[in-house]
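Following: one structure in structure tokens, then a few remarks.
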Amino acid sequence: MPTLDPSYLALLERIASALDRMTPPAATDPDFDAADAFVWSASMSELQPVRRVNKVDVELLRGIDRVRDQLLDNTLRFAKGLPANNALLWGARGMGKSSLVKAAHAEVNASGAKRRLKLIEIHREDIDSLPVLMGLLREAPHAFILFCDDLSFDGDDTSYKSLKAVLEGGIEGRPDNVLFYATSNRRHLMPRDMMDNERSTAINPGEAVEEKVSLSDRFGLWLGFHKCSQDEYLEMVRAYADKFGLDVPDDRLVADALEWSTTRGARSGRTAWQFIQDLAGRLGMTITTS
């Protein structure tokens, strides 16, 4: 039997080592008791526990009463083992979409419902790895809310097809112990010019656009968030000030809050929170949301 040149053997070993490094690690059974919230790491095929979730109390989310109650009810039914819908929270920036998801998760767990919920955040760029994540969750003895913040698709991105299959389609479908909550500034998750381009270049324009619009249809619950009024903005500011004990006369609080929103060019829950952080700093006080 001929012997290989040592240089060839060294080259083969380097190639094998490089291939090992490129191969994604096998998914391991996660420790779901480590925390109530996790972040999905697609590159490592593992769930990383989050010990302290960055959230606000649900009672501090003002100006969104209707959608707040709808999402809380949907989440509570899921925790009780009853039918519930995937939810798409869409609309104005800074009005508490992602904050509501985290607050609803915490509120329902605090209620002592039948099933304790685990919140798992998946990043937009990792949507393609959803089938792997579902494989880890399908047989787990827990209920899960998968959460994707700022979900949208552009250009030639086809990863939305993986999401469609996970939400409703596919042979296995969505596991009974999993709900999918997403936030987006877009109601249909696709920009208008992308849909128009599909319509103009397709052989059957209606079918091309329908495939993309149908992604939003996979979410049984659509919750719209709209820009708040001045009164709603000030209500948010006052609620934060009361919550954190910021002792400021109301007339000064209102004047400073309105000036802050004017310089920011926006009124929203995010703007109110940023103002409160600035105010607390000027007063020499510390605040925490969890």
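The values are calculated or read from the model by the stated rules, or taken from the named source; none is laboratory data. Everything numeric in this text was worked out from a predicted model, so none of it was measured. All Cβ positions, glycine included, derive from the backbone under ideal geometry; neighbour counts span all protein chains shown.
Among the residues making up segment 36-47, those that are assigned to a loop (DSSP other than H, G, I, E, B) and free of Cβ contacts under 8 Å to residues at least 60 places away in the same chain are Ser43, Met44. Consider segment 124-150 and keep the residues that are small (Gly, Ala, Ser) and assigned to a helix (DSSP H, G or I). The one that is nearest to Asp176 (Cα to Cα) is Gly135.
Just give me the residues in segment 223-278 being among the hydroxyl-bearing types (Ser, Thr, Tyr) and closer than 17 Å to Val56 by Cα, in sequence order. Listed by number, the residues that qualify are Tyr233, Tyr240, Ser268, Thr271.
Every condition in (1) over 16 Å from the mean Cα position of the chain (by Cα); (2) in a helix (DSSP H, G or I); (3) farther than 14 Å from Ile145 by Cβ is met by Phe78 except one, and the failing one is (3). Any chance you could count how many residues in segment 51-63 are assigned to a loop (DSSP other than H, G, I, E, B) and either touching a residue at least 40 places away in the same chain (Cβ under 8 Å) or within 19 Å of Thr271 (Cβ to Cβ) (or both)? Total meeting the criteria: 9. Within segment 162-189, residues that are at pLDDT 70 or above and part of a helix (DSSP H, G or I) sit with their Cβ atoms under 9 Å from residues that are of a type in the set (S, T, N, Q) and surrounded by fewer than 18 Cβ atoms within 10 Å (Cβ to Cβ), at 6+ positions apart or across chains, in these pairs: Lys164/Ser214. May I ask you to verify whether Val101 is assigned by TED's automatic domain parsing to the domain that holds Val178, part of a helix (DSSP H, G or I), in contact with a Ser or Thr (Cβ under 8 Å, 6 or more places away or on another chain) and within 19 Å of Cys228 (Cβ to Cβ)? Yes: the conditions hold for Val101. For Leu130, the requirement of being in contact with a strand residue (DSSP E or B) (Cβ under 9 Å, 6 or more places away or on another chain), buried (at least 20 other Cβ atoms within 10 Å of the Cβ), more than 24 Å from Phe225 (Cβ to Cβ) and among the hydrophobic types (A, V, I, L, M, F, W, C) is met. Taken across segment 109-119, residues that are more than 30 Å from Arg267 (Cβ to Cβ), assigned to a loop (DSSP other than H, G, I, E, B), among the hydrophobic types (A, V, I, L, M, F, W, C) and touching a Phe, Trp or Tyr at 6+ places or on another chain (Cβ under 8 Å) do not occur at all. When restricted to residues that are modelled with pLDDT of 70 or more, surrounded by 12 or more Cβ atoms within 10 Å (Cβ to Cβ) and not β-branched (Val, Ile, Thr), segment 1-50 contains 17.
Within segment 131-145, at least one residue is at pLDDT 90 or above, aromatic (Phe, Trp, Tyr) and out of contact with any Ser or Thr (no Cβ under 9 Å at 6 or more places or on another chain). Output yes when any residue across segment 54-66 is buried (at least 22 other Cβ atoms within 10 Å of the Cβ) and under 14 Å from the mean Cα position of the chain (by Cα), and no when none is. No - not one qualifying residue is present in segment 54-66.
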